[in-house]
Amino acid sequence: MAQERADRERTIRNLRIAGPTPLPPAVLAAMQRPMVPHRGVWFRGFVKALLGRLRVLHRTDGEVFVLPGTGSAGWEIAIVNLLVPGDRILLLVNGDFGERWWRVAERYGVELIVRQIPYGRAFRAEQVARWLEECRGVRAVFIVYNETSTGVTNPLPEISAVVRSAGALLAVDGVSAVGGLPLEMDAWGIDLIFSGSQKAWMCPPGLVIVGVGPRAWEAVERAGFPRAFWDLREYRTAARSGDLPSTAPISLLYALDAAVGLIEAERLENVWRRHQELAAWFRMAAQELGLRCFAEPGYESATVTALEPPPGIGADELVTRLEEQHGIAVNGGQGRLKGKIIRVGHMGWVQRSDLEEVVQALARELQASVSWRCL
Ligand code: PLP
């Protein structure tokens, strides 16, 4: 049984989980390149150029660094680099990833004000403005731009504006957003945002990409937590000469370079548009089949869609059937949403035909469910 499952997972044809996402051939090919001296002249030039292109994709004149790590590292990076023990932060939670950031922040002993809304809902700027008004002295607001666990995108431009006018810092988990959803780091006034290579960046897991704005640097200088590997000052110093403080993850940087090239060739706005259009089409098609979109209307994510199956059909069974019968991998719900929803990823290297296949498979399984529910 376990062996059967393992074999099946190896032969997934359509990887539609919310990351890791499929790798385009150019990204795969880039990782075949041989190793070079990571502190050599050529590689330093390569890193400098890559960081410059990442700044363009973040729409910032600030700095962007690439660190070995995954998205979860971003939670810690924000805390240790922006805060002093005892600083008061407003943490906005509308899904499992917000909850995880909360647990990390608790361990660091920052003074937390948590505002939670029902999963599936998005925060509104007016709410955030009110909370900032009520809770004086908030040093920073932490928010997940795109809640991968619920398929909800929070209205970041509006929320950024109220945070900025309240004089607080804004740190954003953009793990399943950056590269797929609109981002104007400087124009919106985001102080720190991090993302993961395995999502819309179309790369393998293993890199955390961190954008840092000018106000964040002032906080970095006064931050009071012990920090070593995650100390952004070290990355800034090293980046000036195209270095990383530790040995560079060379193959992953080659992959990222290739992926950035693909985004540049398509043009960033077109990439955002493709994500929006594919997500809208997929939602409509899934709803026509009788699945309900979990995210509140108007705030549905363009990178991951969470769907509730029709009554009587188990979400986890549907996930298994898609994998067993169709070679399509999607996610089930996580945390408190386990068994309640399925989640379909459509970020990075994804085309309409990939999603058409999912819709066809869903249609077949919903039709067949009458028999498999009785098995
Ligand atoms: N934040 C969000 C929104 C995520 O979707 C994820 C992972 O899916 C993470 C953080 C954690 O990232 P990682 O699993 O790469 O550590």
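Structure notes:
- Helices (runs of 4 or more DSSP H) (entirely within the stretch 156-259) containing at least 1 residues that are within 20 Å of residue 88 (Cβ to Cβ): 156-165, 214-222
- Flag if residue 305 is in the same structural domain as residue 41 (by TED's automatic domain parsing), closer than 30 Å to residue 53 by Cα and not in a helix (DSSP H, G or I): no
- Matching residues, the stretch 191-225, being of a type in the set (Asp, Glu) and open to solvent by 10 Å² or more (accessible area, probe 1.4 Å): 218, 221
Conditions (1) touching a Gly at 6+ places or on another chain (Cβ under 7 Å); (2) under 20 Å from residue 212 (Cα atoms); (3) among the hydroxyl-bearing types (Ser, Thr, Tyr), marked per residue:
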| site | (1), (2), (3) |
| --- | --- |
| 63 | no, yes, no |
| 66 | no, yes, no |
| 71 | yes, yes, no |
| 86 | no, no, no |
| 141 | no, yes, no |
| 148 | no, no, yes |
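- Hits in the stretch 67-96 (condition: open to solvent by 10 Å² or more (accessible area, probe 1.4 Å) and closer than 18 Å to residue 242 by Cβ): 68
- Filtered by the rule that a residue be surrounded by 10 or more Cβ atoms within 10 Å (Cβ to Cβ) and not aliphatic (A, V, I, L, M), the stretch 3-24 gives 5, 8, 9, 13, 14, 16, 19, 20, 21, 22, 24.
- Out of 50, 23, sole residue that is touching a residue at least 60 places away in the same chain (Cβ under 8 Å) and in a helix (DSSP H, G or I): 50
- Selected residue (only one of 121, 115, 88 is in contact (Cβ under 8 Å) with a residue 12 or more places away in the chain and either closer than 27 Å to residue 330 by Cα or in contact with a Ser or Thr (Cβ under 8 Å, 6 or more places away or on another chain) (or both)): 121
- Filter result for residue 9 (touching a strand residue (DSSP E or B) at 6+ places or on another chain (Cβ under 9 Å) and part of a helix (DSSP H, G or I)): yes
- Exactly one residue out of 226, 205 is out of contact with any helix residue (DSSP H, G or I) (no Cβ under 8 Å at 6 or more places or on another chain) and touching a residue at least 40 places away in the same chain (Cβ under 8 Å), and it is 205.
- Pairs, first open to solvent by 10 Å² or more (accessible area, probe 1.4 Å) in the stretch 165-180, second within 12 Å of the ligand (Cβ to nearest atom) and polar (S, T, N, Q), C-beta under 6 Å, six or more apart: 175/195
The values are calculated or read from the model by the stated rules, or taken from the named source; none is laboratory data. Bear in mind that the values here come from a model prediction, so they are computed numbers and not experimental data. Every residue, glycine as well, gets a Cβ built from its backbone with ideal geometry; the counts of neighbours run over all protein chains shown. Only protein heavy atoms, including side chains, enter the accessible area calculation; ligands, DNA and RNA are left aside. Shrake-Rupley method; radii C 1.70, N 1.55, O 1.52, S 1.80 Å.
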